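Have a look at the structure below, then the notes.
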Amino acid sequence: MCGGFTCSKNALIALNILYVVVASILISVAVYGQTSSFIGNLPIVGGILACGVFLILISILGLAGAVKHHQVMLFFYMVILFLLFLVQFSVACACLAVNSEQQELLAQQGWNRVNMDVKGQIEKRFLCCGFQERNFPINGTADFPTCDVDKLCCNKMNISRDCWCEPCMEKLKETIDYAFKLCGGIGLFFSFTEFLGVWLTVRYRNQKDPRANPSAFL
């Protein structure tokens with residue numbers, strides 16, 4: 001079993017390099033989740049993004065502490081990493097536990113916060129009108145000026161008064177669900193590597209550097 005000082009040091013350095021890669025994946029997945037759903041205010045997906053950014057900063061502290069065997073750096077790294085593990089684990093579980101009704105509620109909150117230009121982009125991309133509303137008239141309404149049903153959903157060769165667009169929630173439902181499940185699964189898997197980092201840091205911090213002055217060990 002690898003239990004020496006040098007092995008623990010190299011393992012902790014390698015683990016923090018892995019954290020940088022993991023954080024990049026988390027950020028990429030969270031950004032994809034937000035852009036693919038076009039609802040930029042989904043708070044749980046934003047939590048995964050925040051964890052990814054914070055993990056990069058913590059990994060830099062861990063690398064510095066591991067290289068120098070700095071007791072204070074390693075202590076703060078260990079405490080902060082454990083707190084990050086708790087947050088990321090909770091957020092990941094929340095992503096996986098969100099049901100369709102809760103997803104719809106969160107998406108509705110995000111829809112209400114974005115401006116009309118963003119709503120128009122969503123409607124053009126997904127060929128829909130409004131969030132949950134149905135049966136828009138061909139020329140839209142004063143309350144929904146971005147909904148041009150004629151251009152978005154109707155066959156221009158056969159326009160009728162019965163022409164209507166699906167609400168955007170129907171088109172976004174699968175995309176939003178996929179984003180939640182993807183963020184939750186990846187966040188849950190990699191949160192356990194942070195717990196491994198805490199254990200390895202405790203072990204490494206209590207080992208003596210054979211090349212250092214014994215009196216310098218705290």
Length released on extending from Gln109 to Val21, taking residue separation times 0.36 nm less the Cα-Cα span: 28.5 nm
Estimated distance in nm for a label pair at Ala97 and Arg125, the labels positioned 7 Å out from Cα along Cα-to-Cβ: 3.0
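Once R0 is set to 22 Å, what does the formula 1/(1 + (r/R0)^6) return for the Cβ-Cβ distance between Asp177 and Ile56, expressed as a FRET efficiency to the nearest 0.05? Walk me through the intermediate numbers first.
Details: r = 28 Å, r/R0 = 1.27.
Once the sixth-power term is evaluated, E becomes 0.20.
What ranking, highest mean first, results for peptides 15-23, 183-191, 98-106 when packing means the other Cβ atoms within 10 Å averaged over each residue?
183-191, 15-23, 98-106
FYI, it's all coordinate maths here, none of it is from the lab. Note that the structure is a prediction, hence the values are computed from the model and not measured. Cβ atoms come from the backbone with ideal geometry, glycine included; neighbour counts cover every protein chain shown.
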